[in-house]
Amino acid sequence: MGFSALSVVRGPGELAAMVIDVTKLTFTTRFQFREFIEQAWFITSVTLMPTILVSIPFGAVISLQVGNLTGQLGAQSFAGATAVLATVREAAPIAAALIIAGAAGSAICSDMGARKIREEIDAMEVLGVDPIARLVVPRALATVFVSLMIIGIVIAAGIGGGYFFTVIVQGGSAGAFLSSFTALASITDLYVAMVKAALFGFLAAIVGAYKGLNAGGGPSGVGRAVNESVILAFMLLFFLNAIITALYFQLIPQPGL
């Protein structure tokens, strides 16, 4: 019983310790610029196309649902404001979280796991090189950078899709769509979305690195670690999103009509 309880606590404790270590080493060690550029390019290559393919139908579904709802309520003039609000506040951060955790996090986990089973991590430790500072920190920073770029793509695609389906498909007013942007949304919503994206990217990278560095049992163990990292990252990111959203509504007054 004691062993099972210890094993349940050990995983979250080690993950929290890695979050603290990566945060501390980000500001106390030399910035690995070359590794950062290489990892940012790699993460971009595995996330850019899924982002484009996901954001277009994502924005289309939100626009159709919002347009139908505002039509039923007799508030078609606010279709643009509600579509932008839904995209910026929730749709874009969630889409970024899914893409980052599913593509970037799994890629980081497989890379770390492959290095672990080839004993590269042990060799680095023997040579006195901290694998957290050398490998994990630049990957976490690169994932944060790419997450901020991804959320911009999703927001732009969502707003563009909202305009297309609200104005072109459903015959709404272009002037009303564009003029209602600031009726309900504010610049604070964009700031919060960017904070969410940065935190999601940082956490997804650390989860992937943690699972990869603790992988064992050969290639099959790396495969299990990748599956576990994706599931764990999804759970943590949705939980963190709920907390940030709840705090945002409690701390920031919302504009009214």
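Summary of values
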item: Test: residue in region 213-221 that is loosely packed, with under 14 Cβ neighbours inside 10 Å and either in a helix (DSSP H, G or I) or modelled with pLDDT of 80 or more (or both); result: yes
item: All helices (runs of 4 or more DSSP H) inside region 88-205 with 3 or more residues being buried (at least 16 other Cβ atoms within 10 Å of the Cβ), of a type in the set (D, E, K, R) and at pLDDT 85 or above; result: 106-117
item: In region 12-48, residue surrounded by the most Cβ atoms within 10 Å (Cβ to Cβ) [restricted to those that are among the hydroxyl-bearing types (Ser, Thr, Tyr) and over 24 Å from Ala96 (Cα atoms)]; result: Thr29
item: Residue that is surrounded by the fewest Cβ atoms within 10 Å (Cβ to Cβ) [pool: residues in region 222-246 that are out of contact with any Lys or Arg (no Cβ under 7 Å at 6 or more places or on another chain) and polar (S, T, N, Q)]; result: Asn227
item: Search result, residues across region 111-133 that are more than 14 Å from Tyr210 (Cα to Cα) and basic (Lys, Arg); result: Arg118
item: Selection from region 189-233 of residues that are charged (D, E, K, R) and over 15 Å from Ala107 (Cα atoms); result: Asp189, Lys196
item: Residue selected from region 25-57 under the condition among the charged types (D, E, K, R) and assigned to a helix (DSSP H, G or I), by the criterion nearest to Ile159 (Cα to Cα); result: Glu38
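Matching residues to (1) farther than 26 Å from Ile151 by Cα; (2) of a type outside the set (A, V, I, L, M, F, W, C); (3) modelled with pLDDT of 85 or more; (4) in contact with a Phe, Trp or Tyr (Cβ under 6 Å, 6 or more places away or on another chain):
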| residue | (1), (2), (3), (4) |
| --- | --- |
| Val8 | yes, no, no, no |
| Gly11 | yes, yes, no, no |
| Val22 | no, no, yes, no |
| Ile37 | no, no, yes, no |
| Ala40 | no, no, yes, yes |
| Ile52 | no, no, no, no |
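The values are calculated or read from the model by the stated rules, or taken from the named source; none is laboratory data. Fair warning: this is a prediction, and the values are worked out from it, not measured in the lab. Don't worry about glycine lacking a Cβ; one is built from the backbone with ideal geometry, like all the others, and counts go over all protein chains shown.
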